[in-house]
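Enquirer: First the structure, then my questions, so here it is.
The values are calculated or read from the model by the stated rules, or taken from the named source; none is laboratory data. From a predicted model like this one, the values you see are computed outputs, not experimental measurements. Because the Cβ atoms are built from the backbone with ideal geometry, glycine has one as well, and the counts that use them run over all protein chains shown. Please note that ligands, DNA and RNA were not included when accessible areas were found on the heavy atoms of the full protein model with its side chains. Shrake-Rupley method; radii C 1.70, N 1.55, O 1.52, S 1.80 Å.
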Amino acid sequence: MSEPQEKMAATLAAQAHQKETQARFRTEVIEGGGDYVIADAVTPHEIFHTLDIPVISLAWYSAVIAAKRLSPYYFELMDQLGYHDGLPRYGSLPFMTTLDGDPERAPYGGLPKPMLILERLRGDFGQKIGEQWSRAFGGAPLVALDSSSVSELRPSWYTRSQHDWEELYETPRLDFQVEQLRGLIVVSETLSHRNLDMAEFRAVMHRVNRAGELVDKAKQIIARTRPAPVALPEQLTNIMAATWSRGSQWAIDHLQAYCDELEMRAEKGVAACPNERVRLLWVNNGLWFNTAFYRAFEEKYGAVFVWSMYSNFFSDGYRKYFGEDDDPLRALAARHISMNEQLHLPGWMSEWIIQQARDYQCDAAVMLVPVGDRMASFGTKLCALALEQAGIPVLTLTASMVDARLWDNDAMIARVEAFLEDRVMT
């Protein structure tokens, strides 16, 4: 492994912000009994940001549990309680912390009863987990948003989705989604005894767009600079901190500082791996319990992971521009309505990732094929085939992004090394 470079100032600031957010959650929610929402990652958090209600994302909390090396304990508990091992790991892991009922063990003191649980209907098990979780909390309201299928996967969604989203996502689907969002607002206002300020909501939506522009700027810097000025784990820290705080002025200020520091590092030749020879894509969800894996091939091979879907989905998928006379709820509907197709399903997934490979000058891809998460597995084989046909060698690793029990680090390193030697560096 390459000698670790000093962390970026932006990375330290992102970590400090996360700690401050966690401290606020403990003070206001756990100790103070304030409202908060547990929400699927692909749901409209912007409504709650406008209402100033904290949101705990399922994906984020699962990643934290995994990063703290707690997932083996909770998955063993899941086995002991008789839940089958086909449950999606992202969604079931936070649920287990509630069934365990030990705030001393759970990250940040565990999750108290929420104001509501917000789910997106996109798999076989999510709604049933939500229903059981609601009962485990003693009757927390569960809201499940549906998302009808698109009738046509129009090409180049990532170049059209910022402005041409009405045609891209289809008017009847958006109409249906807006009605659901209006219902969600009514429920949220009733439960919280707060009113959604539409002027502030517009401002939140515009700030998300501005943050997306800065994420795109960061992409351009990293993509064109060889050797890369930042390692993938630091990309994840900076982009995800802004993602979970999207719509805030902090996210904009932080991403601007991140871009400025990337520019400075690029100009000075500061490199994550000075002997960079090979650029790799990491396809699918992050390996949250072992992000050091991304840097395991730098010293021996000069092989650097420079991209994951978190690097710039914010810029390509979140930005939805709208005029002052337009309904911002419609733009919000467009922001979330097709996230699953874009990230995980054949067609849109592979088309976007091939473009990222070209933009980032990547030589090959390593693809995580998730265990126990059908929705994240649907498009992987076809995406791997499409990458290969585009001249980008692919190695697939079957594993879980949060279940460390299923990961043999030495064996996985050996597989990537063989892939580099046999198919990439020949």
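Enquirer: Can you tell me the 0 to 90 degree angle between the C-alpha axis of helix 409-419 and the longest principal axis of the chain, rounded to 10?
Expert: The angle comes out at about 50 degrees.
Enquirer: Shifting gears a bit: For A411 and S149 in one chain, what is 0.36 nm times their gap in residues minus the Cα-Cα distance, to one decimal in nm?
Expert: Roughly 90.4 nm would be gained on extension.
Enquirer: Would you mind classifying the range 240-292 by shape? Square roots of the alpha carbon gyration tensor eigenvalues, ordered a ≥ b ≥ c; an a/c under 1.5 is rounded, otherwise it is prolate if a/b is larger than b/c and oblate if not.
Expert: oblate
Enquirer: Rounded, prolate or oblate: which fits the range 181-283 when a ≥ b ≥ c are the square roots of the eigenvalues of the alpha-carbon gyration tensor, with rounded for a/c under 1.5 and prolate only if a/b beats b/c?
Expert: prolate
Enquirer: Turning to a different aspect of this structure: Can you compute the helix-only [θ] at 222 nm over the chain? Use -39500 (n - 2.57) per DSSP H run of at least 4 residues, normalise by all residues, nearest 500 deg cm²/dmol.
Expert: Calculated from helices alone, the mean residue ellipticity at 222 nm is -15500 deg cm²/dmol.
Enquirer: Rounded to the nearest percent, how much of the accessible area of the chain (1.4 Å probe, protein heavy atoms only) is carbon and sulfur?
Expert: For the chain, the apolar C and S fraction of the accessible surface comes to 51 percent.
Enquirer: Same structure again: Any chance you could check the Cα centroid distance between the range 141-205 and the range 226-285 for me, in angstrom?
Expert: With the range 141-205 and the range 226-285 each reduced to a Cα centre, they are spaced 29 Å.
Enquirer: Turning to a different aspect of this structure: For the range 201-217, in order, what is each residue's ³J(HN,Hα) by Karplus, 6.51 cos²θ - 1.76 cosθ + 1.60 with θ = phi - 60°, in whole Hz (x at glycine and Pro)?
Expert: 4, 4, 5, 4, 4, 5, 5, 4, 4, 5, 4, x, 4, 6, 4, 5, 4
Enquirer: Further question on the same structure: Round to the nearest 10 and give me the degree value, 0 to 90, for the angle of helix 232-244's Cα axis relative to the longest principal axis of the chain.
Expert: 20 degrees
Enquirer: Right, here's the next one. So what's the net charge close to R415: Lys and Arg +1, Asp and Glu -1, counting the other residues with Cβ under 14 Å from its Cβ? Before the final figure, lay out each step's value.
Expert: Working: positive: R423; negative: D408, D410, E417, E421, D422.
Local charge sum for R415: -4.
Enquirer: Let me ask something additional. Once R0 is set to 35 Å, what does the formula 1/(1 + (r/R0)^6) return for the Cβ-Cβ distance between Q80 and D175, expressed as a FRET efficiency to the nearest 0.05?
Expert: Details: r = 46 Å, r/R0 = 1.31.
Once rounded, the FRET efficiency stands at 0.15.
Enquirer: Normalised by the residues of the chain, what does the relative contact order come to in percent, with Cα pairs under 8 Å and at least six apart?
Expert: Values: 686 pairs, mean separation 84.4, N = 426.
Worked out over the chain, it gives 20 percent.
Enquirer: While we're on this one: Can you compute the modelled spin-label distance between D260 and L12, with each label point 7 Å from Cα toward Cβ, in nm?
Expert: Taking the simple label geometry, D260 and L12 are separated by 1.6 nm.
Enquirer: Any idea of the accessible area per residue across the range 1-92, 1.4 Å probe, to the nearest Å²?
Expert: For the range 1-92, the per-residue accessible area is 44 Å².
Enquirer: Per residue, how many Å² of accessible area does the range 147-284 show with a 1.4 Å probe?
Expert: 41 Å²
Enquirer: Can you tell me how the range 22-149 classifies by the Cα gyration tensor, rounded, prolate or oblate, using a/c under 1.5 as the rounded cut?
Expert: Since a/c reaches 1.5 but b/c is at least a/b, the shape of the range 22-149 is classed as oblate.
Enquirer: Using Cα atoms only, what is the angle between the long axis of helix 249-268 and the major principal axis of the chain, expressed in degrees (0 to 90) to the nearest 10?
Expert: Computed tilt is about 10 degrees.
Enquirer: Determine the per residue accessible area of the range 309-419 with all protein chains present and a 1.4 angstrom probe, expressed in square angstrom.
Expert: Numbers: 3650 Å² over 111 residues.
Dividing the accessible area of the range 309-419 by its residue count gives 33 Å².
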